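This report concerns only the one structure given below.
What follows is calculated from the coordinates using simple rules that are stated; it is not laboratory data. Since the model is a prediction, treat every value here as computed from it, not as a measurement. Every residue, glycine among them, receives a Cβ derived from its backbone with ideal geometry; neighbour counts consider all protein chains shown.
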Amino acid sequence: MAAPARVRHDGHATTVVFGTGALSDLPDLLAEAGARRLALLDGLPHAGPADRVAALLGPGRVLRLRVEQQHVPSGLAERARAAVEAGGVDWLVALGGGSTLGVAKAVAHATGLPIAAVPTTYAGSEMTPIWGITEDAHKRVSRDPWVLPRLVVYDPELTVGLPSRASGASGINAVAHCVEAFWTPRRTPVTDAVATEGLLLLARELPRVVRHPGDLAARGGVLRGAWLAGLALAGAGTALHHRICHVLGGTFGLPHADVHACVLPAVVEHVAAAVPDALARVGRALDTADAVAGLRALCGDVGAPTSLTELGLTGADAARAAELVVAEGPTAPVPVTVAGVAAILDRARIAP
Ligand code: NAD
């Protein structure tokens, strides 16, 4: 039998608390970590949850900052850094989705401050040392172990306010982390296992969340899936699919989770012949012999957007995006060409 291929797997040290009501553990976790003065970055549309977190933490020691934009514009990150430094903060608390955590990571990178993350979407960023920052219509993605949150509190109650459509799209963002983890050059037996279990959970629970947004058991199932999806992304990294999504978000301003839902089936279809093992894993998780059709059905079932045209991407934008994607040199299981990426984007512009 051939010796196993040599693999490298980087584990990351994060304390995770998961469960309904887990938010109430946050003050003790921060006290244990020695936190004194906190910046609370709030990316939620209503003040209620941030008011609750600030009250829990002791309002007198919390500097509150709002995060209202996606894709981490460099100016926003810079203003947050300046406020945090002026406020004498020693820990960052990020309450929100991937955008809020992205700003927290940019600040952590610039200041060296540790992050406690309280995710409210299924983006999975809280598990990764990866962050993006957008400047001059270009989203640059970096990796630095230092920005990985030291504490993560997953409380399904905090996701109940995420509307059905946004929940569906955000869940497909997590699905995309799992699927692409099956073919990146950094994949390992650990990321395969984690992504497989994450995908199973997401495929089973996401339709339930969309049909019954108040179902805490289903919300918990999707949040566990998102946790695993984030771990898979952290270990396996990303390839062509995520690069396309970052170009569409950073340069064309399209919403991140929605873009994943439109692009993922088209990318899987494009690389399918080169990754039969990945297709088999996706098919098993979705209980179908046709992984691409299964992914399209899942996206439709959870009400996620299904065409980039619906999100506002024109044919001319798609042609330009294809060139930008290829210029960044993403890895993929098939050769990456402008014509190939343009074909993916053309397919993703049309609803199935
Ligand atoms: P987001 O953080 O931008 O949130 C989307 C919208 O949902 C916002 O309007 C927000 O206010 C609202 N929202 C969030 N939680 C809510 C809740 N519980 N109830 C009601 N409304 C709520 O979206 P996202 O998809 O979580 O994050 C996208 C960003 O995260 C992108 O910039 C993407 O690149 C990044 N990301 C990074 C990683 C990583 O590992 N670095 C992984 C995934 C995504």
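For the reader, a short list of remarks on this structure follows.
- Entry note, the chain: the mean residue ellipticity at 222 nm calculated from DSSP H runs of n ≥ 4, each adding -39500 (n - 2.57), is -16500 deg cm²/dmol after division by the residues and rounding to the nearest 500.
- Estimated translational diffusion coefficient (Stokes-Einstein, Kirkwood radius over Cα pairs, 4 °C, 1.567 mPa s) of the range 144-284: 84 µm² per second.
- Taking label positions 7 Å along the Cα-Cβ direction at both D301 and R79, the computed distance is 4.2 nm, reported to one decimal.
- Using C-alpha pairs below 8 Å separated by at least 6 residues, the relative contact order for the range 194-319 is 26 percent.
- Cα→Cβ-extended label distance, 7 Å offset, between A293 and V141, nm: 3.1
- Based on the reciprocal of the average 1/r between different C-alpha atoms, the Kirkwood radius for the range 60-135 equals 12.3 Å.
- Förster radius 41 Å - calculated FRET efficiency between A280 and A47 (Cβ-Cβ, nearest 0.05): 0.30
- Exposure proxy ranking, count of Cβ atoms within 10 Å, fewest first, for C245, C262, C299: C299, C245, C262
- Mean separation of Cα pairs under 8 Å and 6 or more residues apart, divided by the residue count, gives the range 115-207 a relative contact order of 28 percent.
- FRET efficiency for R211 and E157, using Cβ-Cβ distance with R0 set to 25 Å, rounded to 0.05: 0.85
- Normalised Debye scattering of the range 226-293 at q = 0.17, 0.19 Å⁻¹ gives log10 I(q)/I(0) of -0.72, -0.88, counting only Cα atoms as equal scatterers and leaving out solvent.
- Stokes-Einstein D (µm²/s) once Rh is taken as the Kirkwood radius of the range 203-265 over alpha-carbon pairs, at 25 °C in 0.890 mPa s: 186
- Percent of Cα-Cα distances greater than 20 Å, calculated over the range 13-113: 34
- Ellipsoid equivalent to the chain - semi-axes via the Cα gyration tensor, in Å: 32, 22, 20
- Charge context of G315, other residues only, Cβ under 12 angstrom, K/R +1, D/E -1: 0
- Kirkwood estimate for the range 77-184, i.e. one over the average of 1/r between Cα atoms, Å: 14.6
- Given charges at beta-carbon only (K, R positive; D, E negative), |dipole| of the range 23-90 in Debye: 220
- Listed residue (A257, S167, A137) projecting farthest to the positive dipole end of the chain, Cβ model: A137
- Within the chain, DSSP assigns beta bridges of which about 20% are antiparallel (rounded to the nearest 5).
- Ranking of D258, D301 by count of other Cβ atoms within 10 Å, fewest first: D301, D258
- Per residue Cα convex hull volume in Å³ - calculated over the range 116-176: 109
- Remark: relative contact order (the chain) = 16 percent; criterion is Cα-Cα distance under 8 angstrom and separation of 6 or more residues.
- Sites R320 and A110, calculated FRET efficiency, Cβ-Cβ separation with R0 30 Å, nearest 0.05: 0.45
- Label-point gap, in nm, between T15 and V334 - each point 7 angstrom along Cα→Cβ: 4.7
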